[in-house]
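The values are calculated or read from the model by the stated rules, or taken from the named source; none is laboratory data. Only a predicted model underlies this, so the values are computations on that prediction, with no experimental measurement involved. Cβ placement follows ideal geometry from the backbone for every residue including glycine, while neighbour counts extend to all protein chains displayed. Side chains are part of the model used for accessible areas, which takes the heavy atoms of the whole protein and leaves out ligands, DNA and RNA. Shrake-Rupley method; radii C 1.70, N 1.55, O 1.52, S 1.80 Å.
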Amino acid sequence: MRNLSLLQRFRCVDLPIPGSPQCFSIRSEAGTVLVASELAITEYDPRSGEVYKEVSLTTDDYLPEDGSGLVVAIQDLPDQESVCVATANGDVILYNLNTSQLECVGSVDSGLTGMTWSPDQELVTLTTGQETIIMMTKDFEPITEVAINQDDFGEDKFITVGWGKKETQFHGSEGKQAAQRKAAEVQPALPWDDRKPRITWRGDGQFFAVSAVCPNTGARKVRIWNRECVLQATSEVVNGLEHPLCWKPSGSLIASTQRHPNKHSVVFMEKNGLLHGDFTLPFGKDQVKVKELLWNSDSTVLGVWMEDLKPGENTPNTYIQLWTVGNYHWYLKQSLHFGNEPLRAPACVCWDPEKPLRLHLLTRGWASYTYDWGWSTQRSNGNDCHDNANVAVIDGDKILVTTFRQCVIPPPMCAFELQLPVPVNLVTFHSQAQRTNELAALTADGHIYVYSEGGGVENGGVPRVPGFKVITAPLVLRKTYRVAVDQEEPLTLRLLLWLSEDLFLAVAHGGSLTRLLKLTPSDSQDPKDTLEIRSEVPVDGHVISLCHSLRNGTVALQLEDGQIRKLIMESSELSLTEWKDSTGNTINFPRPCVQTALCSLSGEEYLIGLTERSHLYIGDSLVASNISSFVVYDDFLLLTTHSHMCHCLNLSMLSVKGLQSALSSDANQNDETVRKVERGSRIVSVVPQDTRLILQMPRGNLETIHHRALVLAQLRKWLDGLRFKDAFECMRKLRINLNLIYDHNPSVFLDNIEMFLKQIDSINHINLFLTELKEEDTTTTMYPSPLRSDSSSASGKGGKKVDIVCDALRSTMETLDPQKYCLCILTSHVKKTAPELEIALQKVHELRVNPPSGSNSVNAEEALKYLLFLVNVNELYEHSLGTYDFDLVLMVAEKSQKDPKEYLPFLNMLKTMELNYQRYTIDKHLKRYRKALHHLSKCGEEHFTELLNLVKDQKLYSDALELYPSDSEQYKTLSVAYGEHLVEQQQAEQAGLLLWRCGETARALQAFVSCTSWRHALAVATHIPLPPEQLALLARDLAEKLLEARRHREAALCLEQYAKDCEEAISALIQGAAWEEALRLIYLYNRQDIIETNLKSALLDAHSNQTSFLESQKALFIRHKNRLAVVRELKAKAKLELFDEDGADCADAELYSEASSVLTGSHLGSKYSRSNSRISSRSSKNRRKAEGKKHSLKEGSPFEDIALLNALIQIITIVDKMREEVHSLLKALVLFQFDGPASSLQRNYSDLLQLMETALPEIWSENLQQGQTPLTGPNSTANSIMASFQQQRPAVPQQDMEALTAPKMRNTIKWKLSILK
């Protein structure tokens, strides 16, 4: 739905060139035009009119000096830096542009009628006066010569498969008469046909087509030849076929013209010569003749050059029309009328080979015109709900208008057509608020037609027809203005803006300058409305775009080199200033843009532009380079990309850099600003104050999408304005989660629940809202909003969201009309996080007992049926059973699929039971065992055994004990059962306490003994009481268990106080190295003999063991310490080698620090890392095994240094803990005059502690500590944090971090004896 808009026009008149123009060629690289006349070849600049080179064709007698010569073709050859010219007398001339020399490279005696070069300029075809085709190479070496008119069809001749005769075949709607129809007579070529052959090449240079008059029939035929000049196909008989011929560069169709008895058409042929589509020219059947057809280089525009066929006494009028196709419909986009003055008529017309939308034209009076076109979409630019999202499409003398707010009609259809008397060149919509649906059209004759809304039948409106509704009323013609500007040349006015009721802005060509005109209606009493120039300002350069901001009233201009100007209209005069930003810097586009729009970005106004190469600029900043279309709507920028994505960005929250980042980064899953679209989609329009975005596909069909960003923005507006109904309907239609209604602003929703209910006013919709409620906050997960504050996302009240909403809605509905909202109230009970099914069932039961009388009320049957829709019938049946209301149970059961034989016997059995036992049976059936236990406890003594079994089965011991007094027999029985259960669960001590409490002392004693709780056991034994002999035996058994557990002091206490065996008690203390306690008992019980027999020998044995242990630990410590130094030295060497190989900037160098062992795993010992990488983490056993291999002390293992550090920490910790034990042993040795052994032990232990204390700084150096300091902290600076991030140190596991920290030694503990040396 795009139109062709004229961006700029270059005009040069009265070129100083001899003769009259006959043909020309474009030099794209130099930007010049080569034109041939009957006298010379001239090169000139179409922008400035300057003549660069000129060479005469008459000097060397290539053409006669009297001007009767004819140049049939001219072609620029960039590779050869030459120009090839063919003359009618048969000469092929090469003009060298460097030396300005002419050379005749060949001559044909019969003369030449045409010359055409292949698109790759490797081949040239010449048509001669003898009706032959000569094909030559680019070096003018002949390849072949063939006759144009061939009797053969060609290599692609159709094959007849022999399926019967024509008379017996099916002929469709034509009937049997088609079989007897005679072939149409071949009509000769039209009288005005020049009978010259025409050649056109396909864009890829593989085929060319020739249109020539057959000498036998006198009719034109088109023949298709391949690159080797072999005939491929001949066209079917086409009566009225004319001489224009042009092959579409994309290769699909060959265009020509055909004159029918009742119309004049442009027809298309396929490569096999068959017709394939056409369109009718907007003239009478004998009004014009087509001189030439011209496809542009990208096959998007077809130019038709025509002139009047029967001019009468006057010279013929000349027309150039530009046609495009979309959805299989041909649109006339531009019509250029050159009048009937001979010197203004075009002599040569062609498209630029490099720029697809640049048209070159040279008139007979040596005036050069260059037209630059651009694609544009004419859409209304309103932002309020009054704007109908109009889009106007130019189609000749009609304007096709589609109002997308009311309907989406695929082109070429439309909502309504505006018929004008002459073709339309430009359409603009009114830029005044509330009137943006009105439009103005500039026609080819220079008039402006103004259309507006409203009006009855008498004013051109649509009459009302009973039974029909007018969705879109067409616009009505209000005024026709004649513009008081010299418009003798076509397209003098362009870039029209309609700013207000009587104010237009236009750009006009005036000589070498571009003028910006302010047009207003004339004050004179002229019967014809005229727009006069009230003010004009010359512009230094060519204006290629005008845009206006409806919000700020700003008008911006763009010049051909990308410069931006701002229009000042404060007074009656116009003025232009440079566009500057907030800092005063001048802003210009780096490249000219074909589409521009004004927008506000973070409060500052910018001009946004899109170039023909898909670069999007905001001011002078490149934002993206793959944009296919964009539109600015309100605060949003919507754009499509060549990667088939549609972005919708909120400009009020973004800076230019933020916009660049948003368009360059990949979207996450919940990014509302991006969505995928169909390949090649372009934006047509956005419906204001709605959620619809209209896209057009490459073929022309339309699609409507609801972009998530637009939808959510509109929903937020509606919710802020408390328009709950609009928001709900939109969310329901577009599948937006309804939780957003509450999550957007919980407090506002809770304060306006009554308004919400009245606006929705639908039981089903309220139920839908309730059933979709969930605890998730959709504003932080599904639909995050960048403007959202933390306070607004909090819940309206404390508690769970679903419960809050359900309770609030239910209380409001019960206040408004509980009968009307009965089903919604049931839903609010069921939807709560803990469903209140019993309450819901009770309400249903109340409806059954007291049926409502209102007309809009719901009866019990309907309520129950709805409840069964929300809840599984079996679950509802069980909950109804849990209410103990059998009427309710029967009501639910009747609505279920249950067989009455299943539930009736059960219900009848329950009715016969005592109340508490009945409820116990129900609760047990429903597996509500605690309630069942409570009811069963009220059923009397006869059911206690059943209760006990229930307690044991369901392990409800604590609940059961609470139901009976502590002095009852039932309490004792339950306690015994609980104790037995605890013993089975390996909790014998708790079982003993429970049994002792209820008087079961014997069982309690057994439980205490089994868990070696010796104090409780002896206390219970004394409480029983046990005889002294049994008590002593019990004490010995407990002491034996304590000794096995290495609890020597406690065993000695049992033996001394309860078994009365002091010798065994002293022996236990000596065995546990409790020397001081043993001495106390020895002298307490006067057993000094034990000193000689047991104590002294035990002291010497302990001394020997401690000495040997200290020696082994010392040797192990020294060995590990030395090995650690070697490992670190190896790592330092490997790190230096890596620096030498890869340089100091190697990314891996930091990995090989003292704090890491990655080097040996990745470079020196890769076999370990590879094997470890295959270790699965499927089980904890495997993980422990992997950790064991990782921290192996084996030499050369990848993490040997970490393993050594762990081993050293273990040795230091063990030795440091021996301080108390050594101190006690030293005191005992000194007491019995073992001063020598005591001194040696003290000296050895002190030396070992000193050795470890000295080695700590060496093993755990400061570099090792600093290597793992955190990136941030109180002592960190910005530079240190950045340096830490740049180094990218590998993360160290927590277990390895502990090994990198030096252990703490307990130097404050005094263990030495000063009396020893």
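Quick notes
- Stokes-Einstein D in µm²/s, Kirkwood radius over Cα pairs - region 617-681 at 4 °C with 1.567 mPa s viscosity: 107 µm²/s
- Projected area, mean over directions - region 923-1041, Cα convex hull, nm²: 7.9 nm²
- Summary value for region 338-489: 14 percent relative contact order, contacts being C-alpha pairs under 8 angstrom separated by 6+ residues.
- Solvent-accessible heavy-atom area per residue, rounded to whole Å², over the chain at 1.4 Å: 48 Å²
- Segment K927..E1195, full-extension length gain: 90.2 nm, with 0.36 nm per residue of separation and the alpha-carbon distance subtracted.
- Zone of T137's modelled label, taken as backbone nitrogen in region 67-104 under 16 Å from a point 7 Å along Cα→Cβ: 80
- Inter-part distance where region 46-65 and region 1052-1087 are each reduced to a Cα centre, Å: 136 Å
- Rounded to the nearest 10 degrees, the inclination of helix 969-984 to the longest alpha-carbon principal axis of the chain is 70 degrees.
- Prolate/oblate/rounded label for region 40-122 (Cα gyration tensor, a/c 1.5): oblate
- Model label sites at K285 and D1235, defined 7 Å from Cα along the beta-carbon direction, differ in position by 14.8 nm.
- Over the chain - Rg/Rh using Cα atoms and the Kirkwood inverse-distance radius: 1.18
- Sulfur and carbon atoms: percent of accessible area, region 518-645 [1.4 Å]: 42 percent
- Residue-averaged 222 nm ellipticity for the chain, from DSSP H runs of 4+ at -39500 (n - 2.57), nearest 500: -9500 deg cm²/dmol
- The loop-placed GluC sites (Glu not before Pro) in region 281-363, going by DSSP, that have at most 10 neighbouring Cβ atoms within 10 Å of their Cβ come out as E313.
- Nearest 10 degrees, 0 to 90: helix 1096-1142 Cα axis against the chain principal axis: 10 degrees
- FRET efficiency, 1/(1 + (r/R0)^6) with R0 30 Å, evaluated for M413 and L275 via beta carbons: 0.75
- Region 992-1076: trypsin sites (Lys or Arg not before Pro) in DSSP loop, at most 13 other beta carbons within 10 Å: R1046, K1060
- Of the residues C84, Q8, I1315, the one whose Cα sits farthest towards the positive end of the charge dipole of the chain is I1315 (charges of +1 on Lys and Arg Cβ, -1 on Asp and Glu Cβ, taken about the Cα centre).
- Computed E for N216/K310 - FRET, C-beta separation, R0 41 angstrom, nearest 0.05: 0.85
- Too-long pairs where the Cα-Cα distance tops 22 Å, listed order kept, from K898/K927; K221/K263; K1131/K1304; K566/K717; K1133/K1304: K1131/K1304; K566/K717; K1133/K1304
- Compared with the alpha-carbon gap, the fully stretched path from E1044 to D959 is longer by 26.7 nm at 0.36 nm per residue.
- Residues listed by number, region 29-47, amide nitrogen under 19 Å from T59 label point at 7 Å toward C-beta: 34-44
- For the chain: relative contact order, % (alpha-carbon pairs under 8 angstrom, 6 or more apart): 4 percent
- Split the accessible area of region 824-954 by element, probe 1.4 Å, and carbon with sulfur accounts for 49%.
- All C-alpha pair distances within region 273-431, sorted into 5 Å bins from zero, spread as 2, 8, 15, 18, 18, 15, 11, 7, 4, 2, 1, 0 percent across the bins.
- Overall, region 911-1019 carries a charge dipole of about 400 debye about its Cα centre when +1 sits on the Cβ of Lys and Arg and -1 on the Cβ of Asp and Glu, all other atoms neutral.
- On Cα atoms only, tilt of 1075-1084 relative to the major axis of the chain in degrees: 20 degrees
- Radius of gyration and Dmax over the Cα atoms of region 353-401, both given in Å: 17.3, 53
- Checked against a 23 Å cut-off, the cross-linked pairs K1114/K1194; K911/K938; K800/K955 give Cα-Cα distances beyond that limit for K800/K955.
- Each Lys and Arg contributes +1 and each Asp and Glu -1, all at the Cβ; summed about the Cα centre of region 1-159, the dipole is approximately 920 debye.
- Summary value for region 839-985: 12 percent relative contact order, contacts being C-alpha pairs under 8 angstrom separated by 6+ residues.
- Approximate spin-label separation M569-A1132, in nm, with each point projected 7 Å along Cα-to-Cβ: 8.1 nm
- A DSSP coil position with no more than 11 other Cβ atoms inside 10 Å describes the following trypsin sites (Lys or Arg not before Pro) in region 574-682: R613, R679.
- Toward the positive end of the charge dipole of the chain, with +1 on the Cβ of Lys and Arg and -1 on the Cβ of Asp and Glu, the farthest Cα among T324, C23, V849 is that of V849.
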